[in-house]
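Structure record follows, encoded as structure tokens.
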Amino acid sequence: GEELGGGGMGWMLRASFRRLATLAADVHPTAIVHPDAVLEAGVRVGPFCVVGAGARLRAGAELIASVHVGGYTEIGRGTRVYPFACLGLAPQDKKHVLGGEPTRLEIGANCEIREHVTAHTGTAAGGGLTRIGDGCLLMASVHVAHDCTLGAGAILANATLLAGHVRVGERAVIGGHSALHQHVTIGRGAFVGGGSVVAQDVGPFSLARGNRARLQGINLVGLRRSEISREEIKSLVLAFRKLFGGFGTYFAPRLLRPSGHSRPLSELAAELIVAAETRPLALELARFVLDPTRRRPMCAAAETSNRRSSDADTD
């Protein structure tokens, strides 16, 4: 007999499963849902939404109203998408061939995708996937371009713009009206101040801001909210000073690259990795510096004045 996965019988069974799943969803009569779209149990599709053939909405996902889901797009369990968001359409990349190799957008579970957010599928040349991790918050008018990756719990405030191939680490926060250059990497737990233009990589647990963004210190608020120990934070600050220079207290380092601090970052990071006293977060920072997959240079320390020499630590 014919195998379940092949030929006409397999196609008919898969189509029947899709129809049964869609019947378990709550679809407003004004919404347009392609018959090949997969809507799992508990999905809600509100008024005037459009859901294309390649879409898959996991259990409990909700499109509130006037949402467009195109391309090969998966929306995770419990994720809520607000009006006028546009997800999974073709990337804004001239190298991308419409109708060529299919590329995808994946949105994780329990995300909040606010009004007017746009997120595009990947490109064949860039790996074919744009990925938004679990529990992310994308505020109004955010743009996530092709081949970007957002780690779990990342927050992008209003009107943040990500160019192609940007990577944002877990629990990183990007302030509103910021723009990130293509291929930039933002480390885990980092914070980028509002209105920044980021053209270089920002390491984990860093705080950066400005046009072009420069390091201002460590993301102390984020570290404390994550209940990181004082000893771990102290080790991280010492690692920052080794890599970037700095003066100030352990918990409010004022970064400044002093004269003579000109050794290569890669050399300094390698020393941190082999040092016995280096703790896990400092090790993560050093490994970020040495990561061969990064495509942009490291963000430099802010050029601040050292007029208050009394601020410098004596330890």
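The values are calculated or read from the model by the stated rules, or taken from the named source; none is laboratory data. Since the structure is predicted, the reported quantities are computational estimates derived from the model, not experimental observations. When we count neighbours, we look across all protein chains shown, and the Cβ atoms used for this are built from the backbone with ideal geometry, even at glycine. Only protein heavy atoms, including side chains, enter the accessible area calculation; ligands, DNA and RNA are left aside. Shrake-Rupley method; radii C 1.70, N 1.55, O 1.52, S 1.80 Å.
Counting charges near Arg279 (Lys, Arg +1; Asp, Glu -1) among other residues having Cβ under 10 Å from its Cβ returns a value of -3. The residues neighbouring Gly128, those whose beta-carbon lies less than 14 Å from its own, together hold a net charge of -2 under the Lys/Arg +1, Asp/Glu -1 convention. Here the peptides 75-83, 230-238, 25-33 are ranked by packing, the mean other Cβ count within 10 Å, and the order with the highest first is 75-83, 230-238, 25-33.
In this simple spin-label approximation, Ala124 and His177 carry label points 7 Å from Cα along the Cα→Cβ vector, and these lie 4.1 nm apart. Dividing the convex hull volume of the alpha carbon atoms of the range 146-216 by its residue count gives 58 Å³ per residue. Taking the alpha-carbon centroid of each part, what is the distance from the range 148-175 to the range 85-147 in angstrom? Answer, in whole Å: 12. For Lys242, the lysines whose Cα falls under 28 Å of its own Cα, not counting residues fewer than eight places away in the same chain, are Lys234.
Take the alpha carbon gyration tensor of the range 60-212, find the square roots of its eigenvalues, order them as a ≥ b ≥ c, and report rounded if a/c is under 1.5; if not, report prolate when a/b exceeds b/c, else oblate. Verdict is oblate for the range 60-212. Computed from backbone phi, the HN-Hα couplings of the range 164-176 come to x, 6, 6, 10, 10, x, 4, 6, 6, 10, 10, x, x Hz, rounded to whole numbers (Karplus: 6.51 cos²θ - 1.76 cosθ + 1.60, θ = phi - 60°; Gly and Pro given as x). Each residue of the range 108-113 was assigned a 3J(HN,Hα) from its phi angle through the Karplus expression (A = 6.51, B = -1.76, C = 1.60, θ = phi - 60°), giving x, 7, 6, 8, 10, 10 Hz with x at Gly and Pro. Calculated accessible area for the range 22-158 comes out at 43 Å² per residue, all protein chains present (probe 1.4 Å; ligands, DNA, RNA ignored).
What does the charge count around His143 come to, taking other residues whose C-beta lies under 14 Å from its C-beta (Lys +1, Arg +1, Asp -1, Glu -1)? For residues surrounding His143, the net value is -2. In a DSSP loop and with at most 15 other Cβ atoms within 10 Å, there are no GluC sites (Glu not before Pro) in the range 50-144. Packing-based ranking of 189-196, 288-295 yields 189-196, 288-295, ordered from highest to lowest mean Cβ neighbour count within 10 Å.
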